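Worksheet: the structure to be examined is printed underneath.
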């Protein structure tokens, strides 16, 4: 019982800080995405492809979360956008307080789209609101069709599912229709895109959707 009580206190404090982040983002007119996945699903490559497609149209900044190293931040920085690295030193997720500290070093007046790459994990990040407008789940075809059923909390709380590495479908034993069916079974409102981020397949459709959200004021 005491463990549950402590967990509730931790989550309550995080939710309060997330609400403050959300208010800050709204004041600055930002669209903020919390991008989550298992390790190796292709989050960073998708991030690079998204920046490449949109950097001449919108002002983008990135917050990178990782257990160790700033390797991903170095990759993203090559695209000429502001990047802040958060190293959790073993923590399995980002928290609202970490994001608040990170965005404190950004000039939010010069940002339209803030992309937060969370730590690679489909469990812990589901419980921690960062103040984002949407959670975006990246699922690679190599992970199988059962992941939405095994990790329902993440898919239930997400607004977008990106099924990545569809170029590998001829080589893996997975039914992409089953992935979508299971995802919609958990969350019928999920917007789903198919991509192969390395070759940029499907990235245009994803970015068109993002631009429409930005144009509409991401209500």
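The values are calculated or read from the model by the stated rules, or taken from the named source; none is laboratory data. For clarity, every value in this text was computed on a predicted model and none was experimentally measured. Because the Cβ atoms are built from the backbone with ideal geometry, glycine has one as well, and the counts that use them run over all protein chains shown.
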When restricted to 63, 58, 32, 36, the only residue modelled with pLDDT of 95 or more, surrounded by fewer than 20 Cβ atoms within 10 Å (Cβ to Cβ) and outside any helix (DSSP H, G or I) is 58
Residue among 118, 89 that alone is buried (at least 22 other Cβ atoms within 10 Å of the Cβ) and either under 30 Å from residue 149 (Cα atoms) or modelled with pLDDT under 95 (or both): 118
Suppose we keep only residues that are in contact with a strand residue (DSSP E or B) (Cβ under 9 Å, 6 or more places away or on another chain) and assigned to a helix (DSSP H, G or I) within region 103-115. Which one would you say is surrounded by the fewest Cβ atoms within 10 Å (Cβ to Cβ)? 110
Quick one: would you say residue 130 is closer than 30 Å to residue 82 by Cα and buried (at least 23 other Cβ atoms within 10 Å of the Cβ)? yes
If you go through 139, 190, the only one that is crowded, with 17+ Cβ neighbours inside 10 Å and over 28 Å from residue 71 (Cα atoms) is 190
Considering each of 73, 53, 100, 49 in turn, give the residue that is at pLDDT below 95, assigned to a helix (DSSP H, G or I) and either under 17 Å from the mean Cα position of the chain (by Cα) or farther than 22 Å from residue 154 by Cβ (or both). 73
